[in-house]
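Single-structure report; data block below.
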Amino acid sequence: MLWITIKRIIKSGFISFWRNSSVSLSAVFVMVVALFMIGSTILLTAFLGTGLKDLQDKIDINVYLDATAQEAQILDLKSKIETLSEVKNVTYVTRDIALETFKARHIDNHRIIQALDEVGDNPLTAVLTIKAKDPAQYEGIASFLGGKAEISPDALSIVSKVNYNDNKVAIDRLSKLIEGVRKLGSIITAVMVGISILITFNTIRLAIFIARDEIGVMRLVGGSNQYIRGPFVVEGILYGFVASILTLIFFYPLTYWLKSATQVFYGGIDLLHYFVANFVQMFFIIIFSGMALGAVSSYLAVRKYLTAR
Amino acid sequence: MIYFENVSKIYPDGTIALEGATLSIKQGEFVSIVGHSGAGKTTLVKLLLGEDQPTGGSVSFDSVDIQNVRAKDMPDLRRRIGVIFQDFRLLPNKTAYENVAFAMEVAGKSDEEIASDVPHVLELVDLSKKMWNFPRQLSGGELQRVAIARAIVNHPDLIIADEPTGNLDPVNTYEIVQILKKVNDMGTTVILTTHNRGVVEALGKRVITMDHGKITRDDMMGKYAL
């Protein structure tokens, strides 16, 4: 009996969706707008996320070492720094590598290359590049290196310069910017999702308002509340499903078009690639949001007409 | 079967729709309720369907006090009453067949029962040829016949026809009344509210006359006395 009822409710929802095509079409289009907002938020978050991560990766502090420092001393210092919990990683750039990198960077500048040749010896020092887990932790790491308390004087004696203080202002600004953008991202997400819910709910409420007389007739004929409500919920789910598919189809050309525009940004990502790579995840988020929004909105909207006896 | 005991209905704005109405209707009766607009006919019907609550007195159907029926049991009660309205009240996006089938579906009838009963009942109201038409493709008389088919398909104990011929021409009116008579002959109680003198006189059955919310006459072999 229950199975027959469910079968009839689903069938009735499908038929109603098909026969009320103009209402269905309007509801689907409005839901496409709502779901598009949710999808855009996902892409925007990805875009901001990669941008910020890239920016964060650019921040580091360099510990310049004495030219006379021995390999063993350097490795000892490196491992000591690595034991700090704030440190994500420490990269050791030897004098030779530093020289090669320098040469490679200035390969077109003959004067510099010439000057280097004249000096003869490698004028560059070895460097330890430290990356923190969080930009806010650089201050702690720098004071640790300056404080000398925990590292034996012997280990620190090879440090000639730490560039933190030179870059302190820039690092602080970047940290604040990253934090601010993150907060803004969350606010935008919340607003977008809120607007989507409102748009969907009101559209479905209008669609059901049109059918309020039918609900009255169904009640008079002896339809139970669940039996009357069921097909409307199925219809709501269908609105959501169709709208989700349309939204996902629509995102492909959009991300393709945005691809070049977003890549131009510093640290920007290829949105098309992101969309294709994360398609399954996006598919489920959009489909689930669409169907859940449709179902819940219909359920609530019909309830209004079922409260009286 | 149906009892109205000293029933009154006063709306919040002070309008008296029904005042001290007492009447009883036996199983198998055909009762016409006549009266001018605003006499209280539709209020009587609404109270019987549980759509409205009386201000005083009680309405019972098969010894069940309708005002005490819980909301979740209301559908069961309504499935025992077939209703026909002046404005037909069919589901616009369902065909004639589906409109009738819907009443059976909500009553939990099986697919086999629906497939055999719906064509049969549509044939009874002479609509076999138009069972796949939508309401917008049917005339007033045909719409009312679909509504009657829907009302009788579950073999209800009672049929309430609220001004069923109000929107119909004389030929269709005659046909609808004949169908209702046939339904009554098969044992179903019928309550018909109407303005139509011709209908009432042709029936020659019990007539209850109402005026300003009161029952003014109740004649077993009634005539239209307004």
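The values are calculated or read from the model by the stated rules, or taken from the named source; none is laboratory data. Just so it is clear, the structure is predicted and the values come from calculations on it, not from any experiment. Please note: Cβ atoms are built from the backbone with ideal geometry, for glycine as well, and neighbour counts cover all protein chains shown.
Quick notes on this structure:
- Hits in segment A:217-232 - residues which are more than 10 Å from chain B (Cβ to nearest Cβ) and surrounded by 23 or more Cβ atoms within 10 Å (Cβ to Cβ): A:231, A:232
- Residue list for segment A:32-87, filter: hydroxyl-bearing (Ser, Thr, Tyr), assigned to a helix (DSSP H, G or I) and without any contact (Cβ under 8 Å) to a residue 24 or more places away in the chain: A:79
- With respect to the conditions (1) touching a strand residue (DSSP E or B) at 6+ places or on another chain (Cβ under 9 Å); (2) surrounded by fewer than 22 Cβ atoms within 10 Å (Cβ to Cβ), residue A:213 lacks only one, and its number is (1).
- If only residues of segment B:84-122 that are at pLDDT below 90 and touching a strand residue (DSSP E or B) at 6+ places or on another chain (Cβ under 9 Å) are counted, the one that is farthest from the other protein chains (Cβ to nearest Cβ) is B:86.
- Residue selection: residue B:77 satisfies the criterion of being within 12 Å of chain A (Cβ to nearest Cβ), surrounded by fewer than 20 Cβ atoms within 10 Å (Cβ to Cβ) and touching a strand residue (DSSP E or B) at 6+ places or on another chain (Cβ under 8 Å).
- All of (1) of a type in the set (A, V, I, L, M); (2) within 16 Å of the chain's Cα centre (by Cα); (3) closer than 17 Å to residue B:35 by Cα hold for residue B:225 with one exception: (2).
- Residue in segment B:154-161 that is in contact with a helix residue (DSSP H, G or I) (Cβ under 8 Å, 6 or more places away or on another chain), of a type outside the set (Lys, Arg) and over 22 Å from residue B:51 (Cβ atoms) present: no
- Scanning segment B:25-68 for residues that are of a type in the set (Asp, Glu) and in a loop (DSSP other than H, G, I, E, B) returns B:29, B:51, B:52, B:62.
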